[in-house]
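Heads up, the thing below is written out as structure tokens.
Laboratory data are not the source of any read-out in this text; all were calculated from the coordinates shown. This one's a predicted model, so the numbers in the text were calculated from it and none came from an experiment. FYI the Cβ positions are ideal-geometry reconstructions off the backbone, even for glycines, and counts take in every protein chain you see.
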Amino acid sequence: MKIKLNHKFLILVFVSCFGLYFGQKVEFTVPKSIEILQNTIFDFKNDFTKDEPKAAAAGDNEFSTTVDLYDLKYDTDNKNPYLSLGLKKGAKPKQFIQKAIWNVTMKKVSAKSTKVSVFLEEVTPDSWSKKDVDLKLTKSTGKVENEIKEFLLKSKTKEPSKETANAEIDPDAEAQTTVLAEAQVAEFEAKNAQKKVTSKYLQNLFSKKQFISLPTSADYITKLLKTDPSQLNCESCKNGKYYNWDFEDFNMIYANMTSGEEYYAIQYYGENGVAGLPYGLVFNDSSPSECKAKFARYNAQLYQTTVSVDENSSKALTVVTFKINASFVRLEFGNQYLTRLVISNKEF
């Protein structure tokens, strides 16, 4: 219960000026107190919401938060019902919206009546769709506004349980929250202080701003890197060899297996944030959640697995996997941030 409480009531107070960028606003009155509704709205869900902490701003008679929908896909035969997507001239109908935000504002009318306003506040296309989506022409269809209205009207009033009441004043929970906040601040400051550089080798390797497509060859990779590889013995590889390029703080391998599998992998060992990878990926800086969101249009999956350290031990590893064009991509996060990527012609 404490976890649920902390999740729902992690209220990050912010100051913002809401503008009606999308020119729509739905207003209705709910015959319930603002105190009840401002707790109830955090329970709203549909197929495109996520179970996550929500930011909110509260005053004596007003309350404001958001309803966020994620991974809204658009195609000729698959139009998401929540947005009427505006497209620029010549744009293809297949587009992907990473996130759409509706603002929900409540204003106290009386002790048992609350006025609720809902409007589309922000739409974020993914990096591939930014050039094609016209945000000025994009509108809310009104579906999510109706869902919110029906939810607030029909939701049952919930009385706080004794456990919830105790959790709200639990000094141990408060101390844990403080420690977590301090750790998050420390991590943020450390990341800001981290040196960030761009690797010329990675820039040369991915000069087309995309992953090298398969099939490829060691000669082609050598031409891009302008560095000769070492050839190492491999019984299951074609010609009995695989190829290894070593650099100061990362290395790359390429293998073409007798089984038909072909792949290349880049491993980073340093402490800096290193750019030069395609799609804005940065070694030791890109996080698993960021990568999952970045490649959501390719149905990116985030999960934990285990890898062998030696014959007697293994460790947990966070990975993000997806298929882009004909290649399977695996991103590995050895220290909470991207440390290795693998591109293969076979599914992992």
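At-a-glance table
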quantity	calculated
Reachable lysines, given that their alpha-carbon falls under 27 Å from the alpha-carbon of Lys315 and they are not under 8 places away in the same chain	Lys191, Lys292, Lys294, Lys323, Lys346
Region 125-142-region 253-283 distance, computed between alpha-carbon centres (Å)	32 Å
Linear extension gain, Lys73 paired with Thr141, 0.36 nm per residue minus alpha-carbon span	23.0 nm
Trypsin sites (Lys or Arg not before Pro) restricted to DSSP loop in region 190-281 with at most 12 other C-beta within 10 Å	Lys195, Lys208, Lys209, Lys226
Backbone HN-Hα couplings from phi across region 39-44 [Karplus 6.51/-1.76/1.60, Hz, Gly and Pro as x]	8, 5, 4, 6, 8, 5
Gain upon complete extension [Lys94, Lys195; 0.36 nm per residue less C-alpha separation]	32.5 nm
